[in-house]
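Asks: Pasting a structure below so you can have a look.
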Amino acid sequence: MAHSRTIRSCGTHPEVGVSETQSALELDEDARRLAELGYKQELHRRLSGFSNFAVSFSIISILAGAITSYGIAMTSGGPIAISIGWPLVGIFVLLVGMAMAEVCSVYPTAGGLYFWAGRLARRNKRQWAWFTGWYNFLGEFAVTAAIDFGAATTWMAFLNLTTGLEVTQVRTYIAFLIILLAHGLLNTFGVDLVRLLSNVSAWWHVFGAAVIAGVLAFVPKHHQSLSWTFFHYENHSGWGVPIYVFLIGLLMAQYTYTGFDASAHVAEETRKAARSAPKGIVTSIWVSIVGGWVLLVATTAAIQDYSGELGTATGLPPAQIYIDAVGQNTGVFLLFIAAVAQFFCGMCSVTANSRMSFAFSRDNALPGSRLWSKVNPRTGTPTNSIWLCVTCSAI
């Protein structure tokens, strides 16, 4: 799968300070480990352990998936699919993440899943890597498209509430293209900018979710009871079997708990990758379980008019829940917090998507691999791969 490559020398300078020497030694160790796996160091290692976590946490994005897909659970299952479904799915996802983290600690490469499949398979290694890689590649840019389209939906709802702009399919798609283009440009400028914005994104998600939950907990004059918030069942799906409807409602949580493999995809840009990347995977999941649960319980308890909020003209039930619960101005402010978080989410998704595509091309698995595996020597980013992913997501 991976063939031998020339190793770029990465020595330490004799006249540097202690901290710089330590950093250089860490880079040497990371580059040496990468060389053992058959690759040379091409991407710039500028991400800390926190930045690695921030990328995965931002892609999971409790303020993106849990908000844009909230209507799925409202339609299929209702409060029980939201308040009970979220931690239930989260526990199983955490088990998957822990297993992935274990493998990542041994194989910290940008290829992630497909590389692991090739190494762990007892036979037909190339075939397993090829199939896993293609599923991952197609899924990556499909997820990027879903995230940015969800962000466009949220921003259109925000504009509808603040300016009265009519929400149409054409306008939403144009907003989607603008957001996607912006994410391509931000990633093109280099990993230093991505590092800065992903760090900001992580804190924005934490404090943003806390603000929304706090406002919804204390400002509304009316809240649903605890029994209703956790165990009430609703079915507007058209299906008649309750357990099946409940399982459909779990798609809200399952859709949100995706993208934590990003910690592996940016491993070649992370210092102490064999430790930082696995920690990034696991930490991003459990923080999302806790933070997302608080956010969703607060949102569900603040529901004022179930049918009206489910069928809102904004196209986004949480937006209407916020407005009905705390008023127009405060509700729009809460929606703005979610909209900004979703923009960060899409940016980090393009980052992970492009690194996976770069690695897959490096192993000659994509048509035109030589073009997509090129790294910009100035920025240390796979620029061509970034725009390949943006284009595929747009289509």
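The values are calculated or read from the model by the stated rules, or taken from the named source; none is laboratory data. For clarity, every value in this text was computed on a predicted model and none was experimentally measured. Glycine also receives a Cβ, built like all others from the backbone with ideal geometry; neighbour counts cover every protein chain displayed.
Asks: With the requirement that a residue be hydrophobic (A, V, I, L, M, F, W, C) and touching a helix residue (DSSP H, G or I) at 6+ places or on another chain (Cβ under 6 Å), what does the stretch 235-258 give you?
Replies: If the condition is that a residue be hydrophobic (A, V, I, L, M, F, W, C) and touching a helix residue (DSSP H, G or I) at 6+ places or on another chain (Cβ under 6 Å), then 239, 246, 250, 251, 252, 253 are the ones that fit.
Asks: Working carefully through the options 294, 282, 350, find the one that is under 16 Å from residue 212 (Cβ atoms) and either buried (at least 24 other Cβ atoms within 10 Å of the Cβ) or in the same structural domain as residue 215 (by TED's automatic domain parsing) (or both).
Replies: Exactly one residue qualifies, and that residue is 294.
Asks: So residue 307 passes all but one of these: (1) assigned to a helix (DSSP H, G or I); (2) touching a Gly at 6+ places or on another chain (Cβ under 8 Å). Which condition number does it fail?
Replies: Only one criterion in (1) assigned to a helix (DSSP H, G or I); (2) touching a Gly at 6+ places or on another chain (Cβ under 8 Å) is unmet by residue 307, namely (2).
Table: residues versus (1) more than 30 Å from residue 291 (Cα to Cα); (2) within 25 Å of the chain's Cα centre (by Cα); (3) surrounded by fewer than 20 Cβ atoms within 10 Å (Cβ to Cβ).
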position: 32; (1), (2), (3): yes, no, yes
position: 38; (1), (2), (3): yes, no, yes
position: 46; (1), (2), (3): no, yes, yes
position: 60; (1), (2), (3): no, yes, no
position: 63; (1), (2), (3): no, yes, no
position: 68; (1), (2), (3): no, yes, no
position: 73; (1), (2), (3): no, yes, no
position: 83; (1), (2), (3): no, yes, no
position: 88; (1), (2), (3): no, yes, yes
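Asks: Oh, and also: Can you pull out the residues in the stretch 235-271 that are acidic (Asp, Glu) and within 18 Å of residue 282 (Cβ to Cβ)?
Replies: To start, the set of residues in the stretch 235-271 that are acidic (Asp, Glu) comprises 261, 268-269.
Within the stretch 235-271, just 261 meets the criteria.
Asks: Moving to a separate point now. For the condition surrounded by fewer than 18 Cβ atoms within 10 Å (Cβ to Cβ) and either within 19 Å of the chain's Cα centre (by Cα) or at pLDDT below 95 (or both), what is the one hit in 337, 395, 386?
Replies: 395
Asks: Further question: Look at the stretch 173-192 and say how many of its residues are at pLDDT below 95 and surrounded by fewer than 17 Cβ atoms within 10 Å (Cβ to Cβ).
Replies: Residues in the stretch 173-192 being at pLDDT below 95 and surrounded by fewer than 17 Cβ atoms within 10 Å (Cβ to Cβ): 2 in total.
Asks: Still on this structure: What residue, among those in the stretch 139-171 that are assigned to a helix (DSSP H, G or I) and among the hydroxyl-bearing types (Ser, Thr, Tyr), is nearest to residue 97 (Cα to Cα)?
Replies: Checked the stretch 139-171; the qualifying residue nearest to residue 97 (Cα to Cα) is 144.
Asks: Turning to a different aspect of this structure: Restricted to the stretch 90-119, and to residues that are crowded, with 24+ Cβ neighbours inside 10 Å and either over 20 Å from the mean Cα position of the chain (by Cα) or aliphatic (A, V, I, L, M) (or both), which residue is nearest to residue 301 (Cα to Cα)?
Replies: Taking the candidates together, the pick is 110.
Asks: Only one residue in 26, 15, 20 is outside the structural domain of residue 373 (by TED's automatic domain parsing), part of a loop (DSSP other than H, G, I, E, B) and modelled with pLDDT under 90, so which one is that?
Replies: Sole residue among the options that is outside the structural domain of residue 373 (by TED's automatic domain parsing), part of a loop (DSSP other than H, G, I, E, B) and modelled with pLDDT under 90: 15.
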